[in-house]
Amino acid sequence: MAEPSTEQMQLVASDAFLTRVQYLAWDEAARVVDEDQATPEHEARVNLAHTFLTYPAQTAPTIALAICRSNAPGRVILGTVVPSEDPMLVDSSAPDLALSSAITFYWNSIAQVATGGEA
């Protein structure tokens, strides 16, 4: 098994993984933009959504790294790395639901929304 930092670098540098993260982050951004304005930390969440929607390719690697790091102890993402001969095709076999959940957690953490613990 590779070291977590090696797996993180492989995923964050992989077009395959970044494409999945970017696609799922679009869903999260759309949800946030449409959410009720009374949602806790709505303004911070919307600001993050607008940053992502304006710069998706530049923001996706940051999100990818954050969700890899936030899941390191549980190995939800890092424990499911699928190696490839082509480094651009390294991916995680974690289902979209797990990645989407990690992205939502990241979004709430950045916006400082309570998510069952300290952000």
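Read the figures in this text as sums done on the coordinates, not as results from a lab. Since the structure is predicted, the reported quantities are computational estimates derived from the model, not experimental observations. Cβ: placed from backbone, ideal geometry, glycine included. Neighbour counts: every protein chain shown.
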Completion exercise
Measuring from its Cα centre, region 4-110 shows a charge dipole (+1 at each Lys and Arg Cβ, -1 at each Asp and Glu Cβ) which, in debye to the nearest 20, is 260
Completion exercise
The FRET efficiency for D36 and S109, from their Cβ-Cβ distance with R0 = 22 Å and rounded to 0.05, is 0.65
Fill in the blank from the handout: Binned at 10 Å from zero, the C-alpha pair distances of the chain give percents of 14, 46, 30, 9, 1
Problem - Amide H within-cut-off set for V82, under 5 Å, with H built and near neighbours excluded - result: D91, S92, S93
Completion exercise
With the convex hull built on the alpha-carbon atoms of region 74-114, volume per residue in Å³ sits at 77
Problem - At most 15 other Cβ within 10 Å, DSSP loop - GluC sites (Glu not before Pro), region 22-59 - result: E35
Problem - Charge dipole (the chain, unit charges on Cβ, about Cα centre) - positive-most of P87, A29, L65 - result: L65
Completion exercise
Length gained, V82-M9, 0.36 nm per residue minus C-alpha separation, equals 25.0 nm
Practice task
Could you calculate the contour length gain from S93 to T19, that is, 0.36 nm times the residue separation minus the distance between their Cα atoms, to one decimal place in nm?
Solution key: 25.3 nm
